[in-house]
1. For residue 19, which of the numbered conditions (1) in contact with a Leu (Cβ under 6 Å, 6 or more places away or on another chain); (2) outside any helix (DSSP H, G or I) fails to hold?
2. Restricting attention to the stretch 38-63, which residues are in a helix (DSSP H, G or I), surrounded by 10 or more Cβ atoms within 10 Å (Cβ to Cβ) and of a type outside the set (A, V, I, L, M, F, W, C)?
3. Test each condition in (1) part of a helix (DSSP H, G or I); (2) over 10 Å from the mean Cα position of the chain (by Cα) for residue 66 and report the one that comes out false.
Amino acid sequence: MEDEILLDTKHLLTQIKQIAKSEGINMTLLKITINAIFNKADGIRNLYNKINRKTLRVSELEEIAEVLNYEIILRKKN
């Protein structure tokens, strides 16, 4: 598919930033939107820390994907 991105935990922050940029928003606006939609109150620094420490939950990645209009798909390797 044209808009598929293979996520890599070593570069996850960079990948999320690139996707957000391609959707016309920055990380701060992404986090503000996540907070508004999912009734959260944590800040952008918390998001950065979770990504960098590799403690981001699948549900949090799902929220990011939702705001960016992407879906998470697991596919068996070839």
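1. (2)
2. First, pick out the residues of the stretch 38-63 that are in a helix (DSSP H, G or I): 38, 44-53, 58-63.
Checking the rest, the ones that are also surrounded by 10 or more Cβ atoms within 10 Å (Cβ to Cβ) come to 38, 44, 46-52, 60-63.
Passing the criteria: 46, 48, 49, 50, 52, 60, 62, 63.
3. (2)
Read the figures in this text as sums done on the coordinates, not as results from a lab. On a predicted model such as this, the values are computed, not experimentally measured, just so you know. As a convention, Cβ positions derive from the backbone with ideal geometry for all residues, glycine included, and neighbour counts pool all protein chains shown.
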